[in-house]
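Okay, structure first, notes after.
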Amino acid sequence: MIDEGWYAETREPEPPRRLGDVLGEVVRKLGLPDPTALDALARAWPTLAGAAIGAHSAPRSLRDGVLTIAVDSPAWATQLRYLEVELVNRAAAHAPVTSLRVVVDAGC
């Protein structure tokens, strides 16, 4: 027996789309952070931070506007904290960065 109150919506199926395009839309609709933002920062880091800083540090995460940078020594952590405003401004051109968090990771 068919329920008279139920009906199936019929419409033309959409053509196939690239998974990357679909996932990007889903991420934006859900308000999640852009998964490519950290990758863009990592690629740009040696240029935006400078060769010396770039050789001793690397972006590790980006969450809620906070960019976490790993450095290989406490001395470089101090240097990055001193340059925080400038680095945040430069990084913001590549991703939605509002502040910097620096962690020491000798393996960086």
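Can you pull out the residues in region 74-87 that are within 17 Å of Pro59 (Cβ to Cβ) and polar (S, T, N, Q)?
Scanning region 74-87 gives a single hit, Gln79.
What residue, of Ala52, Ala70, Ala91, is among the small types (Gly, Ala, Ser) and surrounded by fewer than 18 Cβ atoms within 10 Å (Cβ to Cβ)? Break it down into steps so the answer makes sense when it comes.
Numbers: Ala70 fails: surrounded by fewer than 18 Cβ atoms within 10 Å (Cβ to Cβ); Ala91 fails: surrounded by fewer than 18 Cβ atoms within 10 Å (Cβ to Cβ).
Selected residue: Ala52, the only one of Ala52, Ala70, Ala91 that is among the small types (Gly, Ala, Ser) and surrounded by fewer than 18 Cβ atoms within 10 Å (Cβ to Cβ).
For region 75-100, give me the residue count where each residue is of a type outside the set (Asp, Glu) and out of contact with any helix residue (DSSP H, G or I) (no Cβ under 8 Å at 6 or more places or on another chain).
Number of matching residues: 9.
If Arg17 passes every condition in (1) modelled with pLDDT of 85 or more; (2) within 12 Å of the chain's Cα centre (by Cα); (3) in a loop (DSSP other than H, G, I, E, B) but one, which one does it miss?
Every listed condition holds for Arg17 apart from (2).
Could you check, for region 51-73, whether at least one of its residues is in a helix (DSSP H, G or I) and under 15 Å from the mean Cα position of the chain (by Cα)?
Taking every residue of region 51-73 in turn, none turns out to be in a helix (DSSP H, G or I) and under 15 Å from the mean Cα position of the chain (by Cα).
Only one of Thr98, Thr68 is among the β-branched types (Val, Ile, Thr) and touching a Gly at 6+ places or on another chain (Cβ under 7 Å); which? Break it down into steps so the answer makes sense when it comes.
Details: Thr68 fails: touching a Gly at 6+ places or on another chain (Cβ under 7 Å).
After ruling out the rest, the residue left standing is Thr98.
Please identify the pairs in which a residue from region 66-85 that is within 23 Å of Pro33 (Cβ to Cβ) has its Cβ atom under 7 Å from the Cβ atom of a residue that is in a helix (DSSP H, G or I) and among the hydrophobic types (A, V, I, L, M, F, W, C), counting only partners at least 6 apart or on another chain.
Leu67/Leu41; Leu67/Ala91; Ile69/Leu80; Val71/Ala77; Val71/Leu80; Leu80/Ile53; Leu80/Leu87
Can you tell me which residue in region 86-108 is nearest to Ala37 (Cα to Cα), limited to those that are without any contact (Cβ under 8 Å) to a residue 12 or more places away in the chain and in a helix (DSSP H, G or I)?
Result: Asn89.
The values are calculated or read from the model by the stated rules, or taken from the named source; none is laboratory data. Quantities reported herein were computed from a predicted structural model and do not represent experimental measurements. Neighbour counts are summed over all protein chains in view; Cβ atoms, including those assigned to glycine, are modelled from backbone coordinates with ideal geometry.
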